[in-house]
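Inspection log for the structure reproduced underneath, given as structure tokens.
The values are calculated or read from the model by the stated rules, or taken from the named source; none is laboratory data. These numbers were taken from a predicted model, which means no experiment stands behind them. Note that we place each Cβ from the backbone using ideal geometry, even for glycine, and neighbour counts take in every protein chain shown.
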Amino acid sequence: MTTATAPSTTMTAEDRCDRCGAQAYLRVELQSGGELLFCAHHAREHGDKLKQIAASVVDETHKLGATPSKPADD
């Protein structure tokens with residue numbers, strides 16, 4: 001399994017966890033061709049099994065600790 005954070009695959013708030021519907025921070029591209037999205041909680045819970053079936057992983061869990069930027073004053 002490889003871990004990548006390519007700009008073209010940046011996840012947004014619209015990406016939702018396939019398990020619970022929370023915001024997804026992990027995209028797993030499967031060896032079989034599909035993809036799964038997970039929140040950080042479910043990514044940790046299923047991490048060992050995901051490693052067995054993943055072709056690649058985009059992990060953006062580092063965003064969880066980031067402080068949101070303020071919008072510019074108009």
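Considering only the range 1-16, I want to know if a residue exists there that is at pLDDT below 90 and touching a helix residue (DSSP H, G or I) at 6+ places or on another chain (Cβ under 6 Å). Steps first, please.
Within the range 1-16, the subset at pLDDT below 90 is 1-10.
Filter once more, so that each one left must be touching a helix residue (DSSP H, G or I) at 6+ places or on another chain (Cβ under 6 Å): 1.
Taking every residue of the range 1-16 in turn, at least one turns out to be at pLDDT below 90 and touching a helix residue (DSSP H, G or I) at 6+ places or on another chain (Cβ under 6 Å).
Of all residue pairs spaced 6 or more apart or on separate chains, none has beta-carbon atoms under 7 Å together with a first member in the range 30-59 that is on the phi > 0 side of the Ramachandran plot and a second member that is surrounded by 13 or more Cβ atoms within 10 Å (Cβ to Cβ) and not in a strand (DSSP E or B).
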